[in-house]
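Student: Okay, handing you the structure first.
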Ligand code: G16
């Protein structure tokens, strides 16, 4: 075991954001940067007493480790193993080749009752030597660490002066089986097996096999990221979908140059295939760590908010949810489409701040079964992360159980509940000071916006979203500026918590249209008034110089 002093400039912590520590690869490659963060994490998990003494809570425990295979994944795995061995961890369950999707980490932690797990991913952010890298800790419930823990880790990174790490040689992470690193056992596990067990429990695999036997066609774009091996093993090998159903299926260190964020802009190749005359019946894409999903029908893209609403409405058709749902939750900027379904079904519907961790308490307490976010994330109580392939299997099952296409399912839904027109406008790489000033100014104008009339609409709520966790009473404030109008339309402003370059302003726009004759308008047209209003109240163009968003989805 070696003790290494940290260079004084190494403070790798990050104030708790939406998802752990995310930075450029070049930042992570600085000497002792990753080590600083992981040592701080282990110290906090072991228990740091007031006098600075480190406890032994981790000793004898099992941790799960794996990542999305992006550049730096393999190096980081070896470093973390050496730190774990020197900090008293008894056993590490490591995905073969250092690979585990984010939902799979959650499934392994829960299925094998591990103490916790470390996920290496910058999710939907680009990869490669010039791309991003990330690390986060998931607790024994399988979900992202809560803010108390991430805040403690951050504080520890600021004061740490030494790390302890094993000087044992690197181990072979490619071969299944068990080996030792000093006193610590490393078990290299099949990354898919535990996860597949959970999927078999939830879905009717015989029915899905029958669909493919009868010629159902599908295209899943894994975007050269970690979802590929999972989708291939389950859809092609187990359910009998034809070879080639899953494309871009091999995880590459730079995702083959793709931006693995499954939205119509970044997954344009999938969209192009789904618009062709010979399009398959069903299309879907996943992101870098396979926790996000996009669902596409023939010539028809499903918005993530609608996806959650439809899943809620039809959940009883899926074996894993046939007893019904305990409740549902959505993040605040996600459209209120699911609220209408929940109301009609008599279900509790929770509105949480952005960030999957906020669903954890509700899921653990048995208050909700399904959760979803506008950022292409949906999931359920089967793990404590959003889950891309699970969502794809859910939609596949809905088509199998009803015999209806994606488009016909969504249109029927709109006829019943009305359509929640929805769009998110992202303004990327704004200088942080400009973005902060824009938000500060918006917050100052909130009292004046209350009751203001814009065309035919009146602002009924102008506030900064605050949330009190109904389970543990913890409070989160300043979670996004909301303007809610008398007709239910909403305009929401918040800064992204996952970017690594300057700041990204997200503007979320939504209105409800009950009239089925009006359900075919392009969303940007339908939302034009709200788009103009957003610029008017926030001064986006004037402050950032950007006349249009970088990405509109
Ligand atoms: C992470 C969280 C999500 C959240 C998203 C928000 O996603 O896990 O729950 O919706 O961040 O991102 P932003 O703050 O940029 O709007 P992921 O997939 O990046 O882990």
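Computed from the coordinates by the stated procedures, all read-outs in this text should not be read as laboratory data. All values reported here derive from a predicted model rather than from experimental measurement. Glycine gets a Cβ as well: all are built from the backbone with ideal geometry, and neighbour counts include every protein chain shown.
Student: Starting from one equal scatterer on each C-alpha and no solvent at all, send me the Debye-based log10 I(q)/I(0) for segment 117-166 at q = 0.26, 0.29 Å⁻¹, two decimals.
Tutor: The Debye formula, applied to the Cα set alone, gives -1.03, -1.03.
Student: With the calculation restricted to Cα positions, what are the radius of gyration and Dmax of the chain in angstrom?
Tutor: Cα radius of gyration and Dmax of the chain are 23.1, 71 Å respectively.
Student: Bin by bin, in steps of 10 Å, what percent of the Cα pairs in segment 354-472 do you find, going until the bin that has the longest distance?
Tutor: It works out to 10, 23, 32, 26, 9, 0, in whole percents.
Student: Figure the gain on full extension for residue 364 and residue 158 (residue separation times 0.36 nm, minus the Cα-Cα span) and round it to one decimal in nm. Write out the running numbers ahead of the final one.
Tutor: Numbers: separation 206, 0.36 × 206 = 74.16 nm, distance 3.16 nm.
Fully extending the segment from residue 364 to residue 158 adds 71.0 nm.
Student: Still on this structure, I have one more. Rounded to the nearest 0.05, what FRET efficiency is calculated for residue 532 and residue 167 with R0 set to 56 Å and r the Cβ-Cβ distance? Walk me through the intermediate numbers first.
Tutor: Values: r = 62 Å, r/R0 = 1.11.
Calculated transfer efficiency: 0.35.
Student: Residue 445 versus residue 547, label points 7 Å from Cα toward the beta carbon: distance in nm?
Tutor: 2.1 nm
Student: If you don't mind, another one. What's the extension gain from residue 525 to residue 200 if we count 0.36 nm per residue and subtract their Cα-Cα distance?
Tutor: Details: separation 325, 0.36 × 325 = 117.00 nm, distance 4.25 nm.
Here the answer is 112.7 nm.
Student: Using Cβ counts within 10 Å as a stand-in for footprinting exposure, how do 232, 343 rank, fewest first?
Tutor: By the 10 Å Cβ count, ascending: 343, 232.
Student: Further question: I need the fraction of alpha carbon pairs in segment 203-249 separated by more than 16 Å, rounded to a whole percent.
Tutor: Values: 344 of 1081 pairs.
In whole percent, the share of Cα-Cα pairs in segment 203-249 beyond 16 Å is 32.
Student: Compute the helix-to-body angle for 432-449: its Cα long axis versus the longest principal axis of the chain, expressed 0 to 90° and rounded to tens.
Tutor: The answer is roughly 40 degrees.
Student: Could you list 237, 291 in order of exposure, starting from the residue whose Cβ has the fewest other Cβ atoms within 10 Å? Working shown, then result.
Tutor: Values: 237 12, 291 34.
Least to most surrounded, the residues fall as 237, 291.
Student: Let me ask another. Restricting to DSSP H runs of at least four residues, report the calculated mean residue ellipticity at 222 nm for the chain, -39500 (n - 2.57) per run over all residues, nearest 500 deg cm²/dmol. Before the final figure, lay out each step's value.
Tutor: Values: 18 runs with 180 residues, N = 553.
That calculation yields -9500 deg cm²/dmol at 222 nm.
Student: With a ≥ b ≥ c the root eigenvalues of the C-alpha gyration tensor of segment 235-355, is it rounded (a/c under 1.5), prolate (a/b larger than b/c) or oblate? Walk me through the intermediate numbers first.
Tutor: On the way: a/c = 1.94, a/b = 1.62, b/c = 1.20.
Judged from the Cα gyration tensor, segment 235-355 comes out prolate (a/c at least 1.5, a/b above b/c).
Student: May I ask you to derive the relative contact order of the chain, considering only C-alpha pairs under 8 Å and at least 6 residues apart, and to give it as an integer percent? Could you put the intermediate results ahead of the total?
Tutor: On the way: 1255 pairs, mean separation 70.4, N = 553.
Here the relative contact order equals 13 percent.
Student: Could you pull the Cα extents of segment 440-550 along its three principal axes, largest to smallest, in whole Å?
Tutor: 44, 36, 28
Student: Moving to a separate point now. Considering every pair of different Cα atoms, what Kirkwood radius, in Å, is found for segment 141-195? Intermediate results must be reported in sequence, preceding the final value.
Tutor: Details: mean 1/r = 0.0675 Å⁻¹.
About 14.8 Å, per the Kirkwood formula over Cα pairs.
Student: Could you give me the percent of Cα pairs per 10 Å distance bin for segment 298-424, shortest bin first, beginning at zero and ending with the bin that holds the maximum distance?
Tutor: Final binned percentages: 13, 50, 33, 4.
Student: Arrange 38, 197 by Cβ neighbour counts within 10 Å, fewest through most, would you? Walk me through the intermediate numbers first.
Tutor: Details: 38 26, 197 11.
Lowest to highest Cβ neighbour count: 197, 38.
Student: Please work out whether segment 73-215 counts as rounded, prolate or oblate from its C-alpha gyration tensor, where a ≥ b ≥ c are the square roots of the eigenvalues and a/c under 1.5 means rounded, while otherwise a/b larger than b/c means prolate and anything else oblate?
Tutor: Values: a/c = 1.92, a/b = 1.62, b/c = 1.18.
It is prolate, given that a/c is not under 1.5 and a/b is the larger ratio.
Student: For q = 0.24 Å⁻¹, what log10 I(q)/I(0) does segment 239-304 give under the Debye formula with an equal point scatterer on each alpha carbon and no solvent?
Tutor: Summing over Cα pairs of segment 239-304 leads to -1.15.
Student: If you line up the long axis of helix 193-202 against the longest principal axis of the chain, both from Cα atoms, how many degrees apart are they, to the nearest 10?
Tutor: So the inclination is approximately 30 degrees.
Student: Would you work out the relative contact order for segment 297-357, in percent, from Cα pairs under 8 angstrom that are 6 or more residues apart?
Tutor: 34 percent
Student: Translational diffusion coefficient, Stokes-Einstein: compute it for segment 1-106 using the Kirkwood radius over C-alpha pairs as Rh, at 4 °C and 1.567 mPa s, and state it as an integer in µm² s⁻¹. Can you show the working numbers first?
Tutor: Working: Rh = 14.9 Å.
After rounding, the answer is 87 µm²/s.
Student: For residue 461 and residue 478, compute 0.36 nm times the residue count separating them, minus their Cα-Cα distance, and round to one decimal in nm.
Tutor: Numbers: separation 17, 0.36 × 17 = 6.12 nm, distance 1.49 nm.
In short, 4.6 nm is gained.
Student: Separate question: Counting residues in segment 50-91 as N, plug N into 2.2 N^0.38 Å and put the Cα Rg over that result. Display every interim value, and only then the final one.
Tutor: Working: Rg = 12.8 Å, N = 42, 2.2 N^0.38 = 9.1 Å.
Compactness ratio reported: 1.41.
Student: Ok, one more. Taking only C-alpha pairs under 8 Å that are 6+ residues apart, what is the relative contact order of segment 219-263 in percent?
Tutor: Across segment 219-263, relative contact order equals 52 percent.
Student: Measure nothing but the geometry: give the 0 to 90° angle between the long axis through the Cα atoms of 33-46 and the longest principal axis through the Cα atoms of the chain, rounded to 10°.
Tutor: The helix 33-46 is inclined about 80 degrees to the chain.
Student: Which values, in whole Å and largest first, are the semi-axes of the equivalent ellipsoid of segment 193-296 obtained as the square root of 5 times each eigenvalue of the Cα gyration tensor? All intermediate terms of the calculation are to be shown ahead of the outcome.
Tutor: Values: eigenvalues 93, 62, 23 Å².
Taking √(5λ) for each eigenvalue gives 22, 18, 11 Å, largest first.
Student: A further question follows. Evaluate E = 1/(1 + (r/R0)^6) for residue 56 and residue 4, where r is the Cβ-Cβ distance and R0 equals 22 Å; express this FRET efficiency to the nearest 0.05.
Tutor: Details: r = 21 Å, r/R0 = 0.96.
The value I calculate is 0.55.
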